[in-house]
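Some notes on the structure that comes next.
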Amino acid sequence: MSEGVSRPRRGATTIEEVARAAGVSRQTVSNAINAPQKVRPETLARVTATIERLGYQPDQSARSLRTGARRTLGYLAPVDDPFDPNPLMAGFLEALVDAAGAEGQRVLLFRPAPGTADPRPAIDELLAARQVDGLVLADVLRDDLRVAHVVRSGVPFAAFGRTGAAGPQHWVDIDNTAAMAQVAGHLAAQGHRRVGFVGGAAALPWMADRREGFRAEADRLGMTVVEPGERGAGAPSTGGQGAGVAAVRALLRGADRPTAIATGSDLLAIDVYEAVRAEGLTVGRDVAVVGFHDTPLCRHLHPALTSVRLPLPAIAAGLVRRLLAQVRGERPPGEGLVLPAELVVRDSSR
């Protein structure tokens, strides 16, 4: 700075010094930080420039004591294996931290105690400690006991996954049905007429929607869909818990084998890759394969896997916005937010 005046050490400047330097009141500086919509644009620009020039940092701990806001969101992290983590949920966590940070919020991870399946005591403990302003839930089922428990507690929340129709619609999700219809259309455009579908647990609502979306669009396009365990498919039923390599191999035997297989996840697609190769066939040439989630492994498979990409940043941003709206006491939307997914085409289905 000019005249030999050094820039103040960040955090050393007071709000009163900012007010004097900007020629405004202390309350105007406070509004510029906490409620910028209350400040005229030209005044807001002047105060913001002064804050940056002086290196002022608001005392968030004092602000929390005054307002009761902790500027922290709790995320009930799914139980995972640290040696084999779920790449999709790892990506979602990154997106959630970024979205919260953009709103001046932090994310506090928590989960049930080891060996405890019921998450409700962990939720109660966190809420009793008054450490968070609200909760983010993921992998939500339509009759999820976590949602019912949080609703009874009265704490603001947002869910990645659709809640039951009778509860608050504080959720964000992708359109699984439309995404798999897009997959069916892509395979039809490549000339496939007999196609397979390999799904995961049928009890999971997103897996059920993916199966329904694929089969409905394939039927509309005049394609025949076969699944492992179906009558005539050459393998026993798996009870909807995922086909396994052996069942997919049975599906691929015979002259009427499918020329393409869509799956409900990238991990299931890896099973299909193994089955295709075990039958002496080639992925992408003899059998097209499509996954779901577009996890990083898709780009490292050979050939690279076509997959449905989830808009994780948009999902996280939508969750944070809906959660903070409740924290601010705003009227929440009457329905959840449905976002489109993107089909990323690679060599496995060209």
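The values are calculated or read from the model by the stated rules, or taken from the named source; none is laboratory data. Just so it is clear, the model here is predicted, and its values are computed rather than measured. Virtual Cβ from ideal backbone geometry, glycine too; neighbours counted across all protein chains shown. Side chains are part of the model used for accessible areas, which takes the heavy atoms of the whole protein and leaves out ligands, DNA and RNA. Shrake-Rupley method; radii C 1.70, N 1.55, O 1.52, S 1.80 Å.
Expected output is a single nm value to one decimal: the length gained when fully extending between E42 and R20, i.e. 0.36 nm times separation in residues minus the C-alpha distance. What is it? Don't skip to the answer; put the middle values down first.
Numbers: separation 22, 0.36 × 22 = 7.92 nm, distance 1.65 nm.
Length difference between fully extended and current span is 6.3 nm.
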Per its Cα gyration tensor (rounded if a/c is under 1.5, else prolate when a/b beats b/c, else oblate), the chain is best filed as prolate
Probe 1.4 Å, protein heavy atoms only - accessible area per residue of the chain in square angstrom | 51
Provide the per-residue ³J(HN,Hα) series for region 206-219, in order, calculated from phi with Karplus coefficients 6.51, -1.76, 1.60 and θ = phi - 60°, each as a whole number of Hz, with x at glycine and proline positions.
-> 5, 5, 4, 5, 5, 4, 4, x, 5, 5, 5, 6, 4, 5
What's the carbon and sulfur percent of the chain's accessible surface, probe 1.4 angstrom, rounded to a whole number?
-> 52
Long-range amide H partners of D139, meaning residues 5 or more apart or on another chain whose placed amide H is closer than 5 Å, are F160
If each of V344 and E330 carries a label point 7 Å out from its Cα toward its Cβ, how far apart are those two points in nm?
-> 3.1
Net charge near L297, counting Lys/Arg +1 and Asp/Glu -1 over other residues with Cβ under 14 Å of its Cβ?
-> -2
Tilt of helix 266-278 relative to the longest C-alpha principal axis of the chain, in degrees (0 to 90, nearest 10)?
-> 30
Karplus 3J(HN,Hα) series, Hz, for region 176-186 with 6.51 cos²θ - 1.76 cosθ + 1.60 (x for Gly, Pro) | 4, 5, 5, 4, 6, 5, 5, 4, 4, x, 4
Amide H within-cut-off set for A288, under 5 Å, with H built and near neighbours excluded = A260, I261
Placed amide H near L337: partners under 5 Å, 5+ positions off or other chain = W171, V172, D173
Burial order of peptide ranges 320-330, 303-313, 285-295 (average beta-carbon count within 10 Å, highest first) = 285-295, 303-313, 320-330
Return the FRET efficiency for the residue pair R309, L204: r is the Cβ-Cβ distance, R0 is 22 Å, and the value is rounded to the nearest 0.05.
-> 0.70
For the chain the mean separation of alpha carbon contacts under 8 Å (6+ apart) over residue count, i.e. relative contact order in percent, is 15
